[in-house]
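Have a look at the structure below, then the notes.
The values are calculated or read from the model by the stated rules, or taken from the named source; none is laboratory data. Nothing here was measured: the structure is a model prediction, and the numbers come from that model. Here the Cβ is made from the backbone with ideal geometry for all residues, glycine too, and neighbour counts use every protein chain on show. Each accessible area value is taken on the protein alone, full model and side chains, heavy atoms only, with ligands, DNA and RNA left out. Shrake-Rupley method; radii C 1.70, N 1.55, O 1.52, S 1.80 Å.
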Amino acid sequence: VTNALAHALHISPRRCCQDTLAVACEALRAHPTHLVLWFDQAHEIDLPTLKDLPTIAESDLQSEQTISVVFSGLPTLLKRLDAPELFPLRRRIDARVMLQGLRRSEVAPFLEHRFGAEIAERVPSQVHDELFERTQGAPAVIDQVVKKALARTPQGAVTGDTLHGAFDLYDI
């Protein structure tokens with residue numbers, strides 16, 4: 001991660017990680033911006049890399065923080081961060097936000113927002129319960145299933161059978 005940071009800052013890696021990190025922090029202090037390292041799919045990061053991240057985030061305790069680290073990943077990331085060897089990292093996490101699926105009452109407003117009122121009306125409220133249950137309220141999955149169901153029903157209301165066909169396409 002330190003080498004990737006150095007590369008992004010156009011800094012040649014030094015002979016050791018700490019030296020590279022020190023030069024990177026110097027370069028960051030010279031910039032008027034605050035760097036955010038965003039790790040998408042963080043649940044796939046190996047343990048040694050996760051263990052090194054506090055070193056990067058707190059590389060220069062003498063000056064204002066120049067780097068923030070953001071993780072996004074599946075719920076298994078929370079379990080990984082609970083590992084005893086990651087306690088130094090876990091205790092440095094200031095905010096924890098977990099995105100949940102929609103509530104059942106949010107399905108109709110989501111469909112209206114996503115597809116517009118006229119098209120959302122083509123997905124009758126009778127199928128909303130099953131749509132919610134089978135997608136576990138995940139907006140992206142609801143979006144994909146409804147798109148497929150609408151594509152299979154060029155006109156009129158989406159039927160339960162059409163919705164089932166869309167679920168089958170996504171193995172839901």
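The table that follows gives values for the structure above.
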| read-out | value |
| --- | --- |
| Filter result for Ala117 (at pLDDT 90 or above and among the hydrophobic types (A, V, I, L, M, F, W, C)) | yes |
| Residue within segment 85-94 that is of a type in the set (Asp, Glu) and either in a loop (DSSP other than H, G, I, E, B) or open to solvent by 60 Å² or more (accessible area, probe 1.4 Å) (or both) present | yes |
| Unmet requirement for Val146, which otherwise passes all of (1) at pLDDT 95 or above; (2) over 17 Å from Asp161 (Cβ atoms); (3) of a type in the set (A, V, I, L, M) | (2) |
| Ala57 being at pLDDT 90 or above, of a type in the set (Gly, Ala, Ser) and surrounded by 14 or more Cβ atoms within 10 Å (Cβ to Cβ) | no |
| Within segment 95-127, considering residues that are of a type in the set (A, V, I, L, M) and in a helix (DSSP H, G or I), the one most open to solvent (accessible area, probe 1.4 Å) | Ile119 |
| Criterion violated by Gly73 - all others in (1) under 30 Å from Ala157 (Cβ atoms); (2) surrounded by 12 or more Cβ atoms within 10 Å (Cβ to Cβ) satisfied | (1) |
| Qualifying residue in segment 143-153 (condition: touching a residue at least 24 places away in the same chain (Cβ under 8 Å) and surrounded by fewer than 16 Cβ atoms within 10 Å (Cβ to Cβ)) | yes |
| Given (1) of a type in the set (Asp, Glu); (2) farther than 21 Å from Ala117 by Cβ; (3) under 26 Å from the mean Cα position of the chain (by Cα), index of the condition Asp143 fails | (2) |
| Check on Gln41, open to solvent by 80 Å² or more (accessible area, probe 1.4 Å), modelled with pLDDT of 85 or more and touching a Gly at 6+ places or on another chain (Cβ under 9 Å) | yes |
